[in-house]
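The values are calculated or read from the model by the stated rules, or taken from the named source; none is laboratory data. Since we're looking at a predicted model, the values are computed, not measured. Every residue, glycine as well, gets a Cβ built from its backbone with ideal geometry; the counts of neighbours run over all protein chains shown. Each accessible area value is taken on the protein alone, full model and side chains, heavy atoms only, with ligands, DNA and RNA left out. Shrake-Rupley method; radii C 1.70, N 1.55, O 1.52, S 1.80 Å.
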Amino acid sequence: MRAEVAAWTVTILLILYTSWRVVSPLITPIFFGLVLAYAVYPIHRRLIPRFGEARSALLLTIGMVGLGGVITADLIMISAQVASSFYYNVVDFFNWLMTQPLPTGVSDFIQSFSEQFVPKLSEYLSTQAFSLPTYILQLVTFLFVFYYALANSTSIREQIRLSLPEKNRRLGEEILESVSRTLSALVRAWLLLNVVKGVLMTLGFIIFRVSDMYTAIVAGFLTFFFSFVPLFEGWMIWLIAAAYFAKEGMYLHAVGISIYGAALVSPLPDYTIRPRLVAKDADLDETLVFIGMVGGTWAMGIKGLIIGPIVLNLLLTLLKEWKRLIEREEASRQLSQAPSEPAPRPQA
């Protein structure tokens with residue numbers, strides 16, 4: 001009997017380990033496919049009576065294909081040019097810096113730093129350029145997960161409801177409500193902030209005269225799109241503008257667009273404005289949301305920006321439930337220890 005249990009345990013652990021090795025490279029697109037499916041579920045629910053669940057999911061997936069195609073086409077068109085321009089701007093900057101009348105110690109330090117930094121930058125950019133097929137594979141995975149999550153949304157909701165244990169159903173419902181409320185607030189804050197980022201980037205290109213009106217609008221759209229793409233984000237756009245100004249010798253403009261972009265576009269608003277929006281919408285403490293975003297991003301990358309606040313909110317829900325259980329046990333103990341009143345004496 002023990003040998004059979006041990007054999008089944010080893011088999012199950014082996015299956016779980018192999019399954020994780022298979023899924024782990026695609027965990028990010030799977031995660032965001034589920035998150036975006038949740039975000040558009042209200043639209044999907046309104047389309048179901050008219051088109052049916054499968055057709056509604058297909059229409060929304062086609063819309064995502066169009067959006068993903070636009071982003072991918074933009075990446076293909078500008079990624080190589082941006083990477084090349086950024087690399088040569090960095091090299092020109094170090095070459096210019098070495099021509100300045102600097103102290104010998106400072107000059108030697110800059111020379112040593114550039115000799116180590118520039119090759120590593122070239123290697124990193126080459127790696128990112130060759131990672132485009134991986135990005136396309138992740139995009140396909142994201143679309144499949146997005147479609148099947150919507151196409152089976154009714155059965156998924158029903159299975160989640162049935163999986164709640166009868167004994168602790170109230171706690172399970174509180175946990176689901178906490179996840180739903182926090183995730184909704186995060187998605188709304190993410191969309192709203194990305195739209196504002198795009199508008200501010202367009203205004204920044206106009207204010208600092210980076211380009212004409214058309215290119216400024218394109219920069220705003222790219223900022224909005226790239227804010228959904230890990231590693232790219234909105235900071236790439238203002239960084240390109242700063243590199244252009246530095247190359248042209250307009251250093252005050254380069255510093256100005258850098259401060260403007262970092263303070264109003266990315267990354268500062270992600271960790272100042274976004275926690276406030278989420279905390280207000282989900283009725284949470286701002287410090288809790290901030291710690292969840294920073295710690296989650298640090299531990300899990302871009303996924304942690306969403307997972308971190310959700311996990312901390314779940315922890316808060318469990319702590320509240322634990323406190324209720326302790327208070328209930330204390331009240332029950334005090335009631336059982338209370339002295340009983342003497343029985344009334346019979347009347348003579």
The correct count of residues that are in a loop (DSSP other than H, G, I, E, B), open to solvent by 80 Å² or more (accessible area, probe 1.4 Å) and over 13 Å from G256 (Cα atoms) in the range 198-213 is 1
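Find the residue count for the range 87-112, including only residues that are among the polar types (S, T, N, Q), exposed (fewer than 11 other Cβ atoms within 10 Å of the Cβ) and either in contact with a helix residue (DSSP H, G or I) (Cβ under 7 Å, 6 or more places away or on another chain) or in a helix (DSSP H, G or I) (or both).
Total satisfying the criteria: 3.
Kindly indicate whether any position in the range 241-249 is open to solvent by 80 Å² or more (accessible area, probe 1.4 Å), assigned to a helix (DSSP H, G or I) and farther than 23 Å from S180 by Cβ.
yes
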By residue number, the members of the range 39-88 that are at pLDDT 70 or above and of a type in the set (S, T, N, Q) are S56, T61
With the first residue restricted to the range 261-285 and required to be among the aromatic types (F, W, Y), and the second required to be surrounded by 21 or more Cβ atoms within 10 Å (Cβ to Cβ), Cβ contacts under 9 Å at 6 or more apart or on different chains are Y271/M293
